[in-house]
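For reference, the structure discussed in these notes is given below.
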Amino acid sequence: TPNPWGVGAGCDFLDKPCLNRLEGIKGTTDPDCVEGATIPDYGKGFFCKTSGERGCSPTHTHKAACTVFDYKFILPLELPDTPYQYFDCEPSLGGPRFLDYCPIYGSTYGGNLLGQLDCRVPENQPRLGIYSEQFGTNSMCFETDTGEGRCYKALCDRNESKLKINVRGEWHTCNHDFQSIVVSTG
């Protein structure tokens, strides 16, 4: 499967910061510190903003956690340069160096191995199968408002050029990128 990293995101994806850090709120411990960040439109689906955040891999095949390192504990000590410090309250935090320290969904979590977070593996169903998730060869990871990526059966309707998602036996049509679809999972 080819990696869709940055496909269709435009020049801003390469030329501008991956997070808007100045739109956060003033910190409670340091009033001069701005906490929080927002993901610009060109970065949605590619970047994340906090180390505990969970979502989906760029290929939408796996559940994943936001990859953030604390570079003050990595030798040789090389902190992100000022333009790449996306966490104003903690300038030593950042995503992978080769991505200009941009945080991305790419880490495992909860003691799981990478293969255990793969939506395409039916054997993962009993281990992680909550929220009416479906693991199998035709399943993909979708971002949700539950604080974690979820695995559901999906198909590409080539006649309509639309993605369809199956939740609890009901098909839902996705008409555009980042569309929110309200479904009942329980």
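The values are calculated or read from the model by the stated rules, or taken from the named source; none is laboratory data. All values reported here derive from a predicted model rather than from experimental measurement. Note that each Cβ is placed from the backbone with ideal geometry, even for glycine, and that neighbours are counted across all protein chains shown.
Of all residues in region 130-164, those being touching a residue at least 12 places away in the same chain (Cβ under 8 Å), surrounded by 10 or more Cβ atoms within 10 Å (Cβ to Cβ) and over 23 Å from C48 (Cα atoms) number 11.
For region 98-111, the candidate set comprises residues that are loosely packed, with under 15 Cβ neighbours inside 10 Å and more than 14 Å from the chain's Cα centre (by Cα); within that set, the residue that is farthest from G55 (Cα to Cα) is F98. Among the residues of region 84-109, the one identified as within 23 Å of P4 (Cα to Cα), assigned to a loop (DSSP other than H, G, I, E, B) and among the polar types (S, T, N, Q) is T108. Would you confirm, using the coordinates I've provided, whether R120 is of a type in the set (K, R) and either in the same structural domain as C48 (by TED's automatic domain parsing) or in contact (Cβ under 8 Å) with a residue 40 or more places away in the chain (or both)? Here the answer is yes, as R120 does meet what is asked. The residues listed here are G36, G95, G10, G24; of these, the one that is in contact with a strand residue (DSSP E or B) (Cβ under 9 Å, 6 or more places away or on another chain), at pLDDT below 90 and closer than 29 Å to C151 by Cα is G36. Applying the criterion of being closer than 23 Å to P40 by Cβ and aromatic (F, W, Y) to the residues of region 127-186, the residue that is farthest from the chain's Cα centre (by Cα) is F178. Here is the figure for region 131-158: residues that are among the polar types (S, T, N, Q) and either part of a strand (DSSP E or B) or modelled with pLDDT of 95 or more (or both) total 3.
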